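Have a look at the structure below before the remarks.
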């Protein structure tokens with residue numbers, strides 16, 4: 001294999017070659033660097049890269065560790081010591097992390113090398129990565145289209161072979177939706193499964209860190225290293241972490257998969273629908289039984305999500321006050337002027353819009369009508385899943401109702417952008433786990449655009465959704481399709 | 001549920017300590033009215049017998065041992081401060 005072909009490898013392949021000493025961690029890092037040099041001007045996936053620090057780590061990498069010598073791209077909302085952590089925002093333009101997030105500590109302990117920070121919607125607020133204050137990332141399958149978001153930088157980098165794997169965060173679909181739009185695998189772990197310590201908070205009751213990779217096995221490997229209890233995150237679950245690769249390669253005999261009738265809505269793209277229908281037939285041929293289920297409160301998900309997520313964001317983003325870190329407005333005349341201008345000048349438009357909505361739903365006179373009511377409907381959405389999982393082992397659906405849309409197509413209409421998360425946000429509200437796996441290519445105006453299949457599982461049932469997604473993936477060729485870039 | 005038209009973006013921006021331009025105020029007023037109108041569908045749901053859920057996985061009274069451990073030095077804590085002196089954060093004057 002030539003050096004130029006290295007970046008196309010999966011993490012599992014890369015690891016076995018590293019262990020056989022066919023290649024060195026240094027070769028691996030240099031090959032990624034060359035690939036980034038070749039494609040970055042087209043996709044603009046990265047915000048910062050530190051090869052010098054990464055090369056030093058590669059020199060002493062222990063390839064016998066679970067991810068020994070594997071370079072990992074990191075969404076720029078996760079703190080990596082000594083690196084910038086802009087969250088895609090001007091307000092953190094000069095920020096440098098003085099510490100590692102727990103997920104980074106755990107990945108380093110498993111031998112992985114975090115080498116670069118990827119672009120994102122500002123503070124993870126968006127579904128297209130167009131809300132980044134720095135630059136616009138483009139979809140490697142069609143450079144006139146969005147990569148999805150908010151973890152669009154990690155998704156585009158992995159899809160273009162400019163990273164072996166990446167980290168994202170998923171608050172309403174921000175890992176699964178860009179994975180779907182870029183033709184790769186993306187995982188939202190169960191709430192509490194992965195530590196949030198060192199990850200800038202957007203909506204604390206919904207946020208989870210997860211992997212974006214070329215295959216299901218690669219995601220399972222990263223989750224093995226990253227999941228588990230963290231005393232620094234009080235919402236982190238104490239349950240033991242199973243080996244997520246243990247069910248890979250098994251068939252689906254006896255597996256009961258639920259098909260929610262609420263997910264086959266009007267407005268779903270016809271090519272997405274037929275790809276998902278074909279995937280369901282494929283799952284049946286692998287031994288799964290398909291069962292109709294109902295999630296009657298699905299239609300309220302987006303409304304609940306935008307009240308709760310913005311309310312939590314308005315509180316979380318109060319920390320950006322220009323005192324301890326970040327941008328501060330010039331020559332404030334008093335404290336109110338200091339706060340108002342620092343935040344008004346530092347935040348981008350979508351972040352401001354959500355802070356206003358969140359402050360409003362929490363304000364006196366509206367709190368019960370909006371915030372408390374949304375929390376109650378959230379509970380009904382959670383109960384929908386509890387009831388469905390009494391009948392089935394997992395639920396299947398499209399990840400996104402449409403393939404990648406055009407740059408600029410939805411930016412003028414926030415509501416249209418919010419609806420991009422219609423199939424994913426309820427998983428966050430219910431705290432369950434989900435994965436997106438490639439299941440087809442739509443043909444749109446001469447472009448081929450990836451389609452994703454979502455598999456949702458019970459809380460802490462990641463091993464099962466990995467098994468289902470892996471069985472499907474390995475019985476099809478969709479994961480082998482790569483963009484020509 | 002309150003009417004969408006109750007939203008006064010100018011007033012809320014003061015609560016949020018977030019200065020907006022006139023153009024942003026007008027734009028958000030219209031866009032958020034659309035979002036609130038969309039969200040009116042929540043009024044249809046019977047929530048009379050439902051407890052509000054702040055978290056999908058409720059956890060209470062999470063403790064860890066109260067033991068000292070290494071953390072930031074003063075230099076590290078101040079490393080991103082927009083204005084600092086004598087190992088202190090310098091803030092905007094808050095008293096007359």
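Every read-out reported here was derived from the displayed coordinates using simple, explicitly stated rules and does not represent laboratory data. Just so it is clear, the model here is predicted, and its values are computed rather than measured. Here Cβ is always computed from backbone atoms with ideal geometry, including for glycine, and neighbour counts include all displayed protein chains.
Within 10 Å of the Cβ of each residue in B:32-41, the mean number of Cβ atoms contributed by other protein chains is 6. Over all directions, the projected convex hull of the C-alpha atoms in the stretch A:292-361 averages 6.2 nm² in area. Does the stretch B:4-44 classify as rounded, prolate or oblate by the C-alpha gyration tensor (a ≥ b ≥ c root eigenvalues; a/c under 1.5 gives rounded; else a/b over b/c gives prolate, otherwise oblate)? Prolate shape, in that a/c is at least 1.5 and a/b is the bigger ratio.
Neighbour counts of other Cβ atoms within 10 Å put A:478, A:141 in the fewest-to-most order A:478, A:141. The stretch B:56-96 and the stretch A:239-279 have Cα centres spaced 44 Å apart. Inter-label distance, residue A:367 to residue A:53: 4.1 nm, where each label sits 7 Å from its Cα along the C-beta direction. With contributions of -39500 (n - 2.57) from each DSSP H run of at least four residues, the per-residue ellipticity at 222 nm computed over chain A stands at -11000 deg cm²/dmol. Calculated FRET efficiency, residue B:38 to residue A:62, Cβ-Cβ distance, R0 = 51 Å: about 0.45 to the nearest 0.05.
Residues B:59, A:125, A:255, ranked from the fewest to the most other C-beta atoms within 10 Å, line up as B:59, A:255, A:125. Convex hull volume per residue, computed on the Cα atoms of the stretch A:156-228, equals 84 Å³.
Its residue count N sets the reference 2.2 N^0.38 Å, and the alpha-carbon radius of gyration of chain A equals 0.91 times that reference.
Subtracting the Cα-Cα distance from 0.36 nm times the residue separation, let me have the gained length for residue A:135 to residue A:299 in nm, one decimal.
Values: separation 164, 0.36 × 164 = 59.04 nm, distance 3.32 nm.
In short, 55.7 nm is gained.
Taken residue by residue and averaged, Cβ atoms of other chains lying within 10 Å of the Cβ of A:370-376 number 6. Considering only B:22, B:34, B:66, the Gaussian network model of chain B with Cα springs below 10 Å gives its largest mean-square fluctuation to B:66. Against the main long axis of the alpha-carbon atoms of chain B, helix B:22-39 sits at an angle near 60°. Using the Cα gyration tensor of chain B, with a ≥ b ≥ c the square roots of its eigenvalues, what is the shape: rounded (a/c below 1.5), prolate (a/b larger than b/c) or oblate (neither)? Oblate, since a/c reaches 1.5 and b/c is not below a/b.
Here the sum of -39500 (n - 2.57) over DSSP H runs of 4 or more residues, divided by the residues of chain B, equals -9000 deg cm²/dmol at 222 nm, to the nearest 500. For the stretch A:1-34 versus the stretch A:444-485, the spacing of their alpha-carbon centroids is 24 Å.
Taking the stretch A:109-148 and a reference point 7 angstrom along Cα→Cβ of residue A:42, the backbone N atoms nearer than 11 Å belong to A:139-144. Sorting A:337, A:100 from the fewest to the most surrounding beta carbons within 10 angstrom yields A:337, A:100.
Short-range pairs are left out: with C-alpha atoms under 8 Å and at least six residues apart, the relative contact order of the stretch A:3-255 is 18 percent. Taking the centroid of alpha carbons for each part, the stretch A:135-171 and the stretch A:285-326 are 21 Å apart.
Starting from the Cα gyration tensor of the stretch A:3-255, take the square roots of the eigenvalues, sort them a ≥ b ≥ c, and report rounded, prolate or oblate (rounded when a/c is under 1.5, otherwise prolate if a/b is larger than b/c, else oblate).
rounded
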